[in-house]
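Rule-based calculations on the coordinates, nothing more; no lab input. Bear in mind the structure is a predicted one, so any value in this text is a computation, not a measurement. Here the Cβ is made from the backbone with ideal geometry for all residues, glycine too, and neighbour counts use every protein chain on show.
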Amino acid sequence: MPTIRTTRGEFIVRSLDEVEVCPVCGSTRLVRSPERGEITCMDCGAVIRARMVDQGPEWRAFTSEEREKRSRVGAPIYPHLAVPSAISATIDWRGKDASGKRLTPKQRMEAIRLRRWHRVSVSTAIERNLFQAIDEIDRLASQLGLPQTVKDEALLIYRKAVEKGLVKGRSINSVVAAALYAACRKLKIPITLDEFAKYSGSDPQRRKEIARCYRLLVKEANIKVSVADPVDFVERIMNILRLPPEIQAKALEIIHKAKELGLTAGKDPAGFAAAAVYIAALMHGERRTQKEVARAAQVTEVTIRNRYKELVKALKISGLP
C-alpha cells in the first residue's frame, strides 16, 4: 500500500483496494493512522475504516543490511547454512576460549586435532566435498571481488553438480571456477573466463578445463544462463579507464547499432565492448591507447584492433585518427 509519512506521523493513502474515495464527500485525500488503526478523510473528517490491523513488521530499517539483520522470515541468507550436519555444526577455533583468553600451544593443537576429526567423522563424503568447495568459492570470489549473491548462486550450482555426480574424477578447483562463472553469467556480472583461469591455478591448461566443466554444468545440471552481452562489460571498462558518462552513452549506442547489423554474433563480448568504448572515447576527444583499453577489458590489443576496423567500416564512422 503506497503511503507518505506526514508531520503528524500519519500516512496519506494514495490508493486502497477497498477504499479509493471518501463515501461522504468523495475526496481522495485519505489518511491512514497506524497508531489508531483508522483511515480518515482529510476534508470532512469521516472515519472510513477503524480497528485496522497493521500487517507490517514492528521494526524499521533504512538500509538493506539492517533489513536483512532484522527480518525473521524467508530463506536462509547463506545457502551453505542449510547444509545438514557437519557444515551447519562445526568446531570453530580462533585461538581463544569462551572468556577471550588465548589458548596455550598445547590447547591450540588439541583444538586443531578435534576440528580435523570432527570433519572426518561427522560429515559424509558429499559434505566433505562441500567443505572444500566453500573454502575455494570464498577464496576465488574474494580475489575477483564478487558479491555475496554470486557466491550463494555458485554454491547452489556446485551442490547440484555434486548431487548429480558431476564432480567425480574432476578437479574441485575447476568445477568451483565453472560454477562461479555460471553464476556470473546467470546474474549478468561481466567476468571473463580468462580471469577465472588466472586466479584458479597456474596450470596453462586451466582455462580449457574450466570451460569443459562449465559446458558440463550447463548441459547435465540444467543450468540456464543468458547469452553474454557486450553491454554488460561497458560500465566496468568505463570505471577502470575513468571516462566521463557521455562516452558510455555513445559506446552503448555503437553496440546497439552493431547488434542491428548482426556484427556481435560470434564475437567476444568483452572485446566488442572494449572496441566500442575505444571508438566512443576517440569521438569525444578522450585519448586512450589500445593497450590501456585492452588491459581494462582483459583482452588482447589485436582483438580491439580487429573489432575497431569492423565497427568503423560497418557503421561508416569517419574523422577518427
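Within the straight-line cut-off of under 12 Å between alpha carbons, the aspartates and glutamates reachable from LYS291 are GLU301, sequence neighbours fewer than 8 places apart in one chain being disregarded. Whole-Hz Karplus values for region 166-183 come out as 7, 8, 4, x, 10, 6, 4, 4, 5, 5, 5, 4, 5, 5, 5, 5, 5, 5 Hz, taken residue by residue from phi with 6.51 cos²θ - 1.76 cosθ + 1.60 and θ = phi - 60°; glycine and proline positions read x. Just to confirm my numbers, what's the Cα centroid distance between region 181-214 and region 247-304 in Å? So the separation of the two Cα centres works out to 22 Å. Arranged from fewest to most other beta-carbon atoms within 10 Å of their beta carbon, SER200, SER64 become SER64, SER200. Taking other Cβ atoms within 10 Å as a rough exposure proxy, LEU103, LEU320 sort from fewest to most as LEU320, LEU103. About the centre of its Cα atoms, region 125-220 shows a dipole size close to 400 debye [charges on the beta carbon of Lys, Arg (+1) and Asp, Glu (-1) only; nearest 20 debye].
Ranking of THR300, THR63 by neighbouring Cβ atoms within 10 Å, starting from the fewest: THR63, THR300.
Answer with one residue from LEU140, ALA161, VAL218: the one whose Cα lies farthest towards the positive end of the charge dipole of region 125-220, charges on Cβ with Lys, Arg +1 and Asp, Glu -1. Towards the positive end, the residue furthest out is VAL218.
Structure shown: which of LYS208/LYS313; LYS224/LYS313; LYS186/LYS257 lie over 27 Å apart, alpha-carbon to alpha-carbon? Result: LYS208/LYS313; LYS224/LYS313 exceed 27 Å.
Computed from phi, the 3J(HN,Hα) profile of region 286-301 under the Karplus parametrisation 6.51, -1.76, 1.60 (θ = phi - 60°) reads 9, 7, 10, 6, 5, 5, 5, 5, 5, 5, 5, 8, 6, 10, 8, 5 Hz, with x in place of Gly and Pro.
The residue list THR149, VAL175, PHE196 was ranked by how far each Cα lies along the charge dipole of region 109-239 toward its positive end, using unit charges on Cβ atoms, and VAL175 comes out on top.
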